[in-house]
Every structure is written in C-alpha cells, then in structure tokens.
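Any read-out appearing in this document is the output of simple, stated calculations on the displayed coordinates, not a laboratory observation. Predicted model, so just to flag it, every value in this text is computed and none were measured. Heads up, the Cβs are rebuilt from the backbone with ideal geometry, glycines too, and the neighbour counts pull from every protein chain shown.
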Amino acid sequence: MKEPVQLCYTISEAAKVMEVEPHVLRYWEEELGLDISRNSMGHRIYTDDDLKTFRAIKQLKANHVALKEIRQQIVVSGEKTPLKKDGEKEFCGDKMTQFKTILSNIIKDAINENTGELSSQISSQVSDDMRKEMDYLARMQEEEQEARFKKLDETIRTLQKARQEAAIASMEEKKSKKKKRLFKR
C-alpha cells in the first residue's frame, strides 16, 4: 500500500490556505518553536501536517488562548505533542503550584527589599508630621497664653484705674469733709 503523497506549500500559499498573513506564520513558527522544513534555497516548505498544526493554533488563538499556553501544549520536555482541540486549556497542577510559589517568593523578596526603605520613609514622614503638629500646638498655646495675659493685663489696669478713681473720690470726699468742718467752726 502506498503512503499518501503530502502536498508542499510555500509560505504565501500556506498563508492563503490559512487566511492569515505570511508574517503571522513566521511569528507562530518562531514563538512556538515549530520545526518547519526548508528547501535547498532555505525557503520554508509547509506540509499538510504543518497546516493542521497551524489550524489548531488558529483555533486556539480564536478562543483567546495565549501563545505561552499553546507552546506548553506543543512542547513537553523537548518532544512535539499534538495540540488540544477546541481551545481546551490544560493547567498542570504542579506548574500552577510552581508558578504560585515563584510569584509568592518574588513578592516576599520585593517586600523584604523595600521594608527597610519604607520604614525609613515612614519614620521620616511621621517625624515630620509630629514636628509640624508640635509646632502648631506650641503656637496655639502661645496664642492662648498671650490672649490670657492680655485679658489679665486689661483686668489689672481696670482694677488699678478703679482703685485710682476710688482713691481720688475718697480724697475728694475727705477734702470736702475737712472743708465742711472748717466752715462749721
């Protein structure tokens, strides 16, 4: 029994069949690490199997699957594996756990690196705020004391004036009593 003959396509022919631009096929080849055959002149030659792979990639892309996820489905420990159909997403529990662990470690490292800097910034900010608050409170206390002293000064002056007036009135009364006595004799 004869093996079916595989058709070969140039990049422009393959792009027409796939209904994409040639640069898209080159990009997918490069990003996904696909092994595309080349002719004696170094031009890409696409087979029916390659087009099946590209159709699967196009379907996955239409289902919003990222190229990184597609690459994981294509390459597992250096061997090519068939792509999942209909945009199935296979998340390996170990890889997800590794990703979470790595992300957690990155966050912890960032926090640890910035803790010293942040604490010094916070300390500086708190010191500045405290100094401003204490200056404000000192000014307010001085203003209150000044107002109290002004009021006390006014009260003292009023009392002194009242005493002076009382003393003058008392002296005038004594003079008038003396005059009355002098005249009465």
Assuming R0 = 22 Å, can you tell me the calculated FRET efficiency for the pair K58 and K100, based on Cβ-Cβ distance, to the nearest 0.05?
0.10
For the stretch 11-80: rounded, prolate or oblate by the Cα gyration tensor [a/c cutoff 1.5]:
oblate
Given a cut-off of 25 Å, name the pairs among K16/K58; K68/K100; K150/K175 whose C-alpha atoms lie farther apart than that in the structure shown.
K150/K175
Using Cα-Cα distances under 8 Å and only pairs 6 or more residues apart, what relative contact order does the stretch 11-80 have, in percent?
28 percent
Summed residue charge, Cβ within 13 Å of T155's Cβ, Lys/Arg positive, Asp/Glu negative
+4
Segments 148-156, 40-48 sorted - mean Cβ within 10 Å per residue, highest first:
40-48, 148-156
Pop out the ³J(HN,Hα) list for the stretch 9-23 in order, Karplus 6.51 cos²θ - 1.76 cosθ + 1.60 with θ = phi - 60°, rounded to Hz; leave Gly and Pro as x.
10, 7, 5, 5, 5, 5, 5, 5, 4, 7, 6, 9, 7, x, 5
